[in-house]
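The values are calculated or read from the model by the stated rules, or taken from the named source; none is laboratory data. Bear in mind the structure is a predicted one, so any value in this text is a computation, not a measurement. We place every Cβ from the backbone using ideal geometry, glycine too, and count neighbours over all the protein chains shown.
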């Protein structure tokens, strides 16, 4: 893509007007990048064939800053939705892509984001088949917001639901917590601190597919603990199932510098956002095999059992602290805020 | 993570818990002064591991909790008058008499959450046509950085920067607690990070005058149980003196460089404490030489005086007379999403610590 040939270097309100400028932007950037037979029909919507049940998930991405160590909003918008579909026990195939752009976004930044979307979609094996582009006035957005909706057929062996979770099930975590959230935090204005923390945003759909191939309905539940952190997912599970959860603080993997950054800002890593990790609640009998299986994949290399479903504390998440104490893990209220001292 | 992981050691912590159990022969009430210590006790589940005779009373050392309502209202008023207000994170959700800073932001106020007050000076430089105010909240711990921001602004000729000062001091609060007729505290765990700045000379006379053990204590599980053990040893043998458990960080003379900065910019003055009222000579105010950087003076907002919510018993909580779950509003009409008072907001507030980590179920001591 030659920016100079396009004849403009920033996106303005005209690019969202639906007129010639919009067509220019779509033809030269969007259609050219995401080229595929379904999208190429340039219809108002996409038409695809499916048999049987599909899973569908939608998500909006408003991350600030838009560019961060380890990625940008573009790949996040693909990974987030691909992973949400995968966590339903489905194979993501297609996604829609909608931009809300704040006027003044530089074309080069937009192209970088679009390229990241393309790369992430290719790596995840999904096609972008329909979309939308709107431009809002300066000050009414934050550079760019993206919405994606993804869908695909259910894995034939999958039966993922909180209804399947049983007392005694093991809770397996695929990797280190809080990495993505702290990567973003380290670049927020006013909180910047020097670190090499890199977001772990990635697609998890292949690892999930392989797990389902291997273990089928012995995998009872899957969820990626993004916003709200690990605590958010665990507290939702106990609310939905009425069963309790017991986890062990010293088993939860966290990168050294992520832990240090959390200490400095006074944040609890259990409440910090994640991207490239998920939890699998599995039959106790397959716990060791699942961990071994996951550890063979780079995206599950740090997989570990962090605890189990228990009726000892019905409807509550109990964390066993390093020193042998216990505390209840409650859901996050509002945004987690850095402490004064 | 040297000096952290060692102090989260299971065996060592268990060893001190055992020694506490072997030493204690009667009921003792020990106040941990700092909210960070309260947080550490509850977060690590230590309260339930202590013998029943050791009762921890949660002290006033949460800067967010003791910042009076009228100062939050002043910050909100600034925010509503086109001033860029910068604040530490956990201050922004504390309810004022009408709204919190976060709510004022939702109505269009330009609120910035910062980690360092020096960043606020940069924001002032980037916005020369706007006034920028840093909400300088905290105990002695945050005073050096806040003072430094004022010195930096003066050095660089930044005139659109000022601070809304709400600095309070720990020793006067301890005295106020000890002077309270309902006070039944037998020993203190002194606030480790405050003493890292100030040293602990002031505590020696306090300990002698009130005949009370004071153990300067850190924040990790091992620090806390070791501090408690040292207090129990003194109490059981009838001693009262200042001991320094947190010697890896705290020196008797404090941080000399930080003290110099504080003394340059601040002087001691009267301060109002949320829930406790005005305590003479209990806080910092800007000295005459730095008056131009005093937001209250600059914007003429001295007049605001508002009453606390009568249902909130923050005063009794902060003085250790009542525990959070002894409040009739706790967890009912007062919770972190709808707090009646500051102790339910800050992560260091005793009410929030009880709400988040124990839901008033595991911990009842």
Query raised in the report: For the stretch A:139-165, how many residues meet the condition of being surrounded by fewer than 16 Cβ atoms within 10 Å (Cβ to Cβ) and modelled with pLDDT under 95?
Result: 3
Query raised in the report: Which members of the stretch A:281-297 meet the condition of being touching a residue at least 40 places away in the same chain (Cβ under 8 Å) and within 25 Å of residue A:197 (Cα to Cα)?
Result: A:294, A:297
Report task. Might you let me know whether the stretch B:108-119 holds any residue that is out of contact with any strand residue (DSSP E or B) (no Cβ under 8 Å at 6 or more places or on another chain), touching a residue at least 12 places away in the same chain (Cβ under 8 Å) and more than 11 Å from chain A (Cβ to nearest Cβ)? Result -> no
Requested in this report: Could you tell me whether the stretch B:223-239 includes any residue that is under 18 Å from the mean Cα position of the chain (by Cα) and surrounded by 24 or more Cβ atoms within 10 Å (Cβ to Cβ)?
Outcome: yes
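To keep it simple, each residue is scored yes or no on (1) closer than 18 Å to residue B:351 by Cβ; (2) touching a residue at least 40 places away in the same chain (Cβ under 8 Å).
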{"site": "B:10", "(1), (2)": "no, no"}
{"site": "B:14", "(1), (2)": "no, no"}
{"site": "B:23", "(1), (2)": "no, yes"}
{"site": "B:36", "(1), (2)": "yes, yes"}
{"site": "B:65", "(1), (2)": "yes, yes"}
Query - Failed item in (1) loosely packed, with under 15 Cβ neighbours inside 10 Å; (2) touching a strand residue (DSSP E or B) at 6+ places or on another chain (Cβ under 6 Å), with residue A:39 passing the rest - result: (1)
**Report entry** Residue check for residue B:343: in contact with a strand residue (DSSP E or B) (Cβ under 7 Å, 6 or more places away or on another chain), at negative phi and in contact (Cβ under 8 Å) with a residue 24 or more places away in the chain
**Finding:** no
Query raised in the report: within 14 Å of chain A (Cβ to nearest Cβ), surrounded by 18 or more Cβ atoms within 10 Å (Cβ to Cβ) and at pLDDT 80 or above: does that describe residue B:334?
Result: yes
Report task. Could you identify the single residue in A:63, A:78 that is in contact (Cβ under 8 Å) with a residue 60 or more places away in the chain, surrounded by 16 or more Cβ atoms within 10 Å (Cβ to Cβ) and part of a loop (DSSP other than H, G, I, E, B)? Result -> A:63
**Report entry** Flag for residue A:105 being at negative phi, modelled with pLDDT of 95 or more and buried (at least 23 other Cβ atoms within 10 Å of the Cβ)
**Finding:** no
Query raised in the report: Any residue in the stretch A:8-18 that is surrounded by 13 or more Cβ atoms within 10 Å (Cβ to Cβ), within 25 Å of the chain's Cα centre (by Cα) and in a strand (DSSP E or B)?
Result: no
Requested in this report: With a cut-off of at least 3 residues that are under 30 Å from residue A:62 (Cβ atoms), within 14 Å of chain B (Cβ to nearest Cβ) and modelled with pLDDT of 95 or more, name the helices (runs of 4 or more DSSP H) lying wholly within the stretch A:227-340.
Outcome: A:229-241
Requested in this report: Could you grab me the full set of residues in the stretch B:67-83 that are closer than 27 Å to residue A:193 by Cα and either in contact (Cβ under 8 Å) with a residue 60 or more places away in the chain or assigned to a loop (DSSP other than H, G, I, E, B) (or both)?
Outcome: B:75, B:83
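Every residue, every condition in (1) under 24 Å from residue B:55 (Cα atoms); (2) touching a residue at least 12 places away in the same chain (Cβ under 8 Å); (3) surrounded by fewer than 20 Cβ atoms within 10 Å (Cβ to Cβ), yes or no:
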residue	(1), (2), (3)
B:134	no, yes, no
B:137	no, yes, no
B:147	no, yes, no
B:155	no, no, yes
B:161	no, yes, no
B:166	no, yes, no
B:204	yes, yes, yes
B:209	yes, no, yes
